[in-house]
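None of the figures in this text is laboratory data; all of them are computed from the coordinates on show. A quick note: this is a predicted structure, and the numbers were derived from the prediction, not measured. Positions of Cβ are backbone-derived with ideal geometry, glycine not excepted, and every protein chain shown enters the neighbour counts.
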Amino acid sequence: MKTKVEKILNEIRPEFDFSTSTNFIENGMLDSFDVVSLVTMLDKEFNISIDGIEIIPMNFNSVESICTLLSKYVK
């Protein structure tokens, strides 16, 4: 799962190294449009539908936080 998340992040913003960074939003690595794109791509990749209430900065600040969010949906 982690590898797929990193791949998607690199498709959205190839100029950043997401594998070692945290605080993606606070550090300006992802903006609101990027998060919408990310959610759409994650939904398609994992055949899920992330609830709107889950789309908050703390769920998208690191690869680990994204994987934790996905673990709620991917069985």
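What the table shows:
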quantity: Members of the stretch 27-38 that are farther than 23 Å from ASP51 by Cβ and loosely packed, with under 14 Cβ neighbours inside 10 Å; calculated: ASN27, GLY28
quantity: Selection within the stretch 1-37 - free of Cβ contacts under 8 Å to residues at least 24 places away in the same chain, of a type in the set (Asp, Glu) and assigned to a helix (DSSP H, G or I); calculated: ASP34
quantity: Test set (1) of a type in the set (Ser, Thr, Tyr); (2) touching a residue at least 12 places away in the same chain (Cβ under 8 Å); (3) part of a helix (DSSP H, G or I) - THR40 fails condition number; calculated: (2)
